[in-house]
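Below is one structure, written out as structure tokens; comments come after it.
The values are calculated or read from the model by the stated rules, or taken from the named source; none is laboratory data. No experiment lies behind these values; they were computed from the predicted model shown. Cβ coordinates were reconstructed from backbone atoms using ideal geometry, including for glycine residues, and neighbour counts include every protein chain displayed.
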Amino acid sequence: MKPVIIIQGPTAVGKSSLALDIAQKFKLDIISADSRQVYKYMDLATAKPTKEEQALVKHHLIDIINPDETYNAGLFARQASHLVDETDLNFPIICGGTGFYISSFLEGLCKIPEIDDSIRHALIQEWEIKGNEYMYKQVQAIDPIVAEKISANDKQRIIRALEVFYATKKKLSTYWQEQGFMQTRKVLNILILDEREAIYDRINKRYDTMVKSGLLDEIKSLIEMGYNEKSPGLTAVGYKELLPYILHKSDLADCINLAKQHSRNYAKRQLTWYKRNNFNLVFYRKSIKYSSIDNFIKRFIDNY
RNA sequence: GGCGGGAUAGCUCAGUUGGUAGAGCAGAGGCCUGAAAAGCCUUGUGUCCCCAGUUCAAGUCUGGGUCUUGCCA
């Protein structure tokens, strides 16, 4: 397994520009670890690197699926591993805000086969008819270990536990127990942080800029292409809140405020997630010293 | 000017036949094994607009006022 540099941080903290800077200096490739930048035609509110930036540095796992398709942590882990270990890209720098994708790539997920969507759809239908209590009781009967860990309201995890069991005839908790210890990859895992208020402020301003840059037109053209509020891509923060304005003439200012609010909520969850992860380097945005980051990068690359 | 709504947590609002209040969202904290920009958990003392009255007891009834909103003029 080849070594990788990783840059993580809450949304709007400046990960991408740092990654771009480092990648240019050291001739690296960037692998995006972002659950929304994978979507084509969704550029502005995903804060995707611009075409110009992508021309400067080779970016991977951006624009790989259509807005009506789904993506997940397992796919990311597999595709990122393939890129890093089985292709001849430049030394890789993985940069993105989807922490779960990065930990899936680093630590691996348990070995559950791909499960056909039809099983999940059937379970969701059953949920709608029979309700959460009924579905939760199924989990309790099938897999008490998992049931113990999740809430009776946690639709996603209840359905996940059930689909794994019905599709593979094996309990989710059995997969957990079978999961062996993954060999560890050499990583330089960097976290960028900032004051909460500063992050929130930057989120608000950045969203205004996105709207000014033509976000509404971008969404309108997605709708013209046939995508709608049910398309997985359009459930992204920054998009879903503007749909009521475009489709039903809701108040634009309200929609914009809601989008900002959801972005702030998202940043908060990211920050909580990072607390339990280990990093080799933690930088505060204000006090980033590029020269010192460069030294760490140089030493890391030279060692491998 | 006339008639009618409304005034309760930062915001939107519930409050049953009078017994000093509760949801959602926000905020704060946390969780997270293929939906993760998702999903979930914990956390609610506020002159119940003001004044007077009835009552053992009023957010809840009565009178007056203030503000607000809709319709008619």
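Before moving on, here are some points about what is shown:
- Qualifying residue in the range A:240-251 (condition: within 20 Å of A:Thr70 (Cβ to Cβ) and in contact (Cβ under 8 Å) with a residue 60 or more places away in the chain): no
- Counting only helices (runs of 4 or more DSSP H) that fall entirely inside the range A:199-304 and contain at least 1 residues that are modelled with pLDDT under 95, the qualifying elements are A:243-248, A:252-275, A:290-303.
- Those residues of the range A:100-116 which are on the phi < 0 side of the Ramachandran plot and surrounded by fewer than 21 Cβ atoms within 10 Å (Cβ to Cβ), in sequence order: A:Phe100, A:Ser103, A:Leu106, A:Glu107, A:Leu109, A:Cys110, A:Lys111, A:Ile112, A:Pro113, A:Glu114, A:Ile115, A:Asp116
- Candidate set: the range A:219-245, residues that are crowded, with 18+ Cβ neighbours inside 10 Å and of a type in the set (Val, Ile, Thr); chosen: the one farthest from RNA strand B (Cβ to nearest atom): A:Ile219
- Residue check for A:Ile115: of a type in the set (Val, Ile, Thr), assigned to a helix (DSSP H, G or I), within 8 Å of RNA strand B (Cβ to nearest atom) and within 27 Å of the chain's Cα centre (by Cα): no
- Candidate set from the range A:172-210 (those that are hydroxyl-bearing (Ser, Thr, Tyr) and closer than 27 Å to A:Asp85 by Cα); member that is farthest from RNA strand B (Cβ to nearest atom): A:Thr184
- Residues (more than 7 Å from RNA strand B (Cβ to nearest atom) and either part of a helix (DSSP H, G or I) or crowded, with 20+ Cβ neighbours inside 10 Å (or both)) located in the range A:151-163: A:Ile158, A:Ala161, A:Leu162, A:Glu163
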